[in-house]
Amino acid sequence: MLKLAKLLHHKGFHITFVNTEYNHNRLLRSQGPDSLKGTPSFCFETIPDGLPPSDADATQDVPSLCDSTKKTCLTPFRELLSRLNNTCLSNVPPVTCIVSDVVMSFTLIASQELNIPNVLFWTASACGFMGYLQYRSLIEKGLIPLKDMSYLTNGYLNTVIDWIPGMEGIRLKDLPTLIRTTDVDDIMLNFAIGEFENARNASALLFNTIDDLENEVLEALPPTYPSIFVIGPLQLLLDQIPHEDALIPIKSNLWKEQGESAILPPEFVFETEKRGLVASWCPQEQVLGHPAIGGFLTHSGWNSTMESLCGGVPMLCWPFLFEQQTNCWFCKNQWGVGMEIESEAKRDEIERLVRELMQGEKGREMKKKAMEWKLLAEKATTGPNSSSYLNLETMIKQVLLSSTTYPIIN
């Protein structure tokens, strides 16, 4: 979201970036007190998420957070908009458009009340988006919720789903993992259904993907959704900005917050000290862009997947939750750049996959395909006639500027 905000700021927009108080403070702790000072035309604001105060370093409970934002965030967001629009109280221009995360659909109510455009930004994959859209159909067809927890391990999740356009042959286990519940009233299952249905009321939808990569899925999204604009990979678009124009005091780093420290046996450290490096943090995009990188072991989150494709790096995919499973299936079966590690894989199987990736014929084929996707990503974002650049320009002119020029990013 910050990357999109930077692009819009470069286009001349005044930005008010809205985050929850918890996430804002977490960014300050991880990046330093000066990291979110902003500029007169790039400001930061916060709203409460409705959850009781917790340990600053604790990870918030996701179901509780989703339920709370849906129920409580509209009122403080309205109050923020009212303050920003009050010229006596605010030093910024009035809010005339909103760009919001798809799962923050409460912003749609506020934008409708002000009669201003609201563009929803889906920061994950289009295939993941399509996967979530199947939840209601899966319930209506009796495929979910699961009858009991044994269905997680008895082979039921291998059931092939044959009606999803662009996903022929996909299985239940490859769809976003919120379906893995026995409760039809499950908070996360119903939160996803509601947010993706609410997205139909947006002024437009933005996707951080490559048109060539997910065209079939994008074309198959239901016509009940608004105009779709593909503007990825965002980092490659940002790389086109002249260096002097990009120097706003906002850090955009990758970080990893650890819980309990990993304890590595001394013999492991000794055996690997000249062949590898274990670190709690690294600049992932820069690492994946280095020509020495031969493969990437990833959980298949969308940012990691896109960064790997942009670096031309094939992947060993070890998905864990949400739409990571769907991204993994596409990397393996559609895009030709990934091999999957099963959740219960043993060391011998992982060794076999690593050797195949680094030395085998399949690994060479995946590397070739990854380099092809890298070139297509660069083609989509390089120069004023590239598809993602033109899509961003069109979205700005046709949607954001249908009112005037000052977005709020939430």
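Overview of results
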item: Whichever residue in segment 30-51 is of a type in the set (D, E, K, R) and assigned to a loop (DSSP other than H, G, I, E, B) and, among such residues, is surrounded by the fewest Cβ atoms within 10 Å (Cβ to Cβ); result: 34
item: Filter result (at negative phi and in contact with a strand residue (DSSP E or B) (Cβ under 9 Å, 6 or more places away or on another chain)) within segment 296-308; result: 296, 297, 298, 299, 304, 305, 307, 308
item: Criterion: in contact with a helix residue (DSSP H, G or I) (Cβ under 7 Å, 6 or more places away or on another chain) and closer than 29 Å to residue 230 by Cβ - qualifying residue of 98, 116; result: 98
item: Among residues of segment 380-395, those that are under 13 Å from residue 241 (Cβ atoms) and either charged (D, E, K, R) or in contact with a Leu (Cβ under 6 Å, 6 or more places away or on another chain) (or both), counted; result: 1
item: Wholly within segment 52-123, helices (runs of 4 or more DSSP H) carrying at least 1 residues that are more than 22 Å from residue 198 (Cβ to Cβ); result: 74-85
item: Pairs with Cβ under 6 Å, 6+ apart, first in segment 181-199 and in contact (Cβ under 8 Å) with a residue 12 or more places away in the chain, second assigned to a helix (DSSP H, G or I) and of a type in the set (Asp, Glu); result: 187/67
item: Identity of the residue in segment 13-55, within 14 Å of residue 73 (Cα to Cα) and among the charged types (D, E, K, R), that ends up modelled with the highest pLDDT; result: 45
item: Residue ID - surrounded by the fewest Cβ atoms within 10 Å (Cβ to Cβ), chosen from residues in segment 326-346 that are more than 14 Å from the chain's Cα centre (by Cα), touching a residue at least 40 places away in the same chain (Cβ under 8 Å) and part of a helix (DSSP H, G or I); result: 333
item: Residues located in segment 145-170, provided they are surrounded by 12 or more Cβ atoms within 10 Å (Cβ to Cβ) and within 25 Å of residue 62 (Cα to Cα); result: 145, 146, 151, 152, 157
item: Flag if residue 293 is aliphatic (A, V, I, L, M) and in contact with an Asp or Glu (Cβ under 9 Å, 6 or more places away or on another chain); result: no
item: Failed item in (1) farther than 27 Å from residue 228 by Cα; (2) in contact with a Leu (Cβ under 9 Å, 6 or more places away or on another chain); (3) not in a helix (DSSP H, G or I), with residue 147 passing the rest; result: (2)
item: Single condition residue 169 does not satisfy, out of (1) in contact with a strand residue (DSSP E or B) (Cβ under 9 Å, 6 or more places away or on another chain); (2) among the small types (Gly, Ala, Ser); (3) under 30 Å from residue 396 (Cβ atoms); result: (3)
item: Subset of segment 83-103 [at pLDDT 95 or above and either surrounded by fewer than 23 Cβ atoms within 10 Å (Cβ to Cβ) or of a type in the set (Phe, Trp, Tyr) (or both)]; result: 101, 102, 103
item: Residue in segment 283-325 that is farthest from residue 127 (Cα to Cα), counting only those that are out of contact with any Leu (no Cβ under 6 Å at 6 or more places or on another chain) and of a type in the set (S, T, N, Q); result: 286
item: Residue match in segment 311-323 (condition: in a helix (DSSP H, G or I) and either surrounded by fewer than 16 Cβ atoms within 10 Å (Cβ to Cβ) or in contact with a helix residue (DSSP H, G or I) (Cβ under 9 Å, 6 or more places away or on another chain) (or both)); result: no
item: Flag if residue 366 is under 27 Å from the mean Cα position of the chain (by Cα), touching a residue at least 40 places away in the same chain (Cβ under 8 Å) and either within 30 Å of residue 83 (Cα to Cα) or surrounded by 14 or more Cβ atoms within 10 Å (Cβ to Cβ) (or both); result: yes
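Yes/no matrix, rows are residues, columns are (1) closer than 17 Å to residue 16 by Cα; (2) within 25 Å of the chain's Cα centre (by Cα); (3) not acidic (Asp, Glu):
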{"residue": "68", "(1), (2), (3)": "no, yes, yes"}
{"residue": "78", "(1), (2), (3)": "yes, no, yes"}
{"residue": "97", "(1), (2), (3)": "yes, yes, yes"}
{"residue": "110", "(1), (2), (3)": "yes, yes, yes"}
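The values are calculated or read from the model by the stated rules, or taken from the named source; none is laboratory data. Predicted model only: the values in this text are computed from it and were never measured. Virtual Cβ from ideal backbone geometry, glycine too; neighbours counted across all protein chains shown.
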